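These notes are about the structure you will find just below.
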Amino acid sequence: MTTIFLILAVLLGAASFAAWRRPDAFRIERSIHIDAPPERIYALIADLRRFNTWNPFARDKKLILDYSGPQQGAGAAYDFSGPGAAGRGRLAILDAAPGKVTMQLTMSAPLRCENTIEFLLAPGVQGTGVSWIMLGRSPFVAKLMGLLFDTDRMVGRELETGLAALRDQAEAPAPAKAA
């Protein structure tokens, strides 16, 4: 029995040491090229109601969204609550300019955290390069969980899904206007 406790103590110590050595901050980034002008893409990001038509983190039909502030740009925000991993929190646009939209994600459940979200739009010859970046602090618990779960891959998949949906919307033909 003592041997088992010793082995468990060594494993726990090794895991704690490995977590302690991990970086204090994280950055997850995914990019895509979209065959649309930056203005069209910007409108789908800076207006949170339009943002949530393609945002994979808002696809759960049980998620409750409560919008506040202006419809778009700096000050636009929404509080959200939902089951499981969706949790509770707030997403607010801190700054919005034609080439960059910066948001703050504040989660209160299932884990408390504050992360920065950035969208960078780089006009190109045939469309726009779009990067979706999430960055923030990594407290010890997150570092420990990072030993078991590849958060870059898990969150990165969602960012890729969202960027593909953004591309589909931005590249869709504009509806014909009635005369």
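Each value in this text was obtained by applying a stated rule to the coordinates, not by laboratory testing. Not measured: the values here are computed from a predicted model. Methodologically, a virtual Cβ is constructed for each residue, glycine included, from the backbone with ideal geometry; neighbour enumeration extends over all protein chains shown.
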How large is log10 I(q)/I(0) at q = 0.09, 0.20 Å⁻¹ when the Debye formula is applied to the Cα atoms of segment 21-171, each weighted equally and without solvent?
-0.28, -1.35
Evaluate the distance, in nm, between pseudo-label points positioned 7 Å from the Cα of Ala109 and of Ala9 along their respective Cα→Cβ axes.
3.8 nm
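Tell me, in nm to one decimal, what length is gained between Val155 and Val125 on full extension, where the rule is 0.36 nm per residue of separation less the Cα-Cα distance?
On the way: separation 30, 0.36 × 30 = 10.80 nm, distance 2.97 nm.
Difference between extended and current length: 7.8 nm.
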Whole-number percent relative contact order across segment 21-171, with pairs defined as alpha carbons under 8 Å at least 6 apart:
31 percent
Once you put a point 7 Å from the Cα of Gln71 and another 7 Å from the Cα of Arg137, both along the Cβ direction, what distance in nm separates them?
3.7 nm
Using θ = phi - 60° and the Karplus form 6.51 cos²θ - 1.76 cosθ + 1.60, what ³J(HN,Hα) does each residue of segment 98-110 get, whole Hz, x for Gly and Pro?
x, x, 7, 10, 10, 10, 10, 9, 10, 9, 10, 7, x
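Mind pulling up the Rg/Rh value for segment 30-109? Radius of gyration and Kirkwood radius, both on Cα. Could you put the intermediate results ahead of the total?
On the way: Rg = 12.9 Å, Rh = 13.2 Å.
My calculation of the ratio gives 0.98.
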Determine the sum of side-chain charges near Gly129: Lys and Arg each +1, Asp and Glu each -1, restricted to other residues whose C-beta is under 13 angstrom from that of Gly129.
+1
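Work out how much length Ala97 to Leu63 would gain on full extension: take 0.36 nm times their residue separation and subtract the Cα-Cα distance, in nm to one decimal. Mind showing how you got there, number by number?
Details: separation 34, 0.36 × 34 = 12.24 nm, distance 2.84 nm.
Length difference between fully extended and current span is 9.4 nm.
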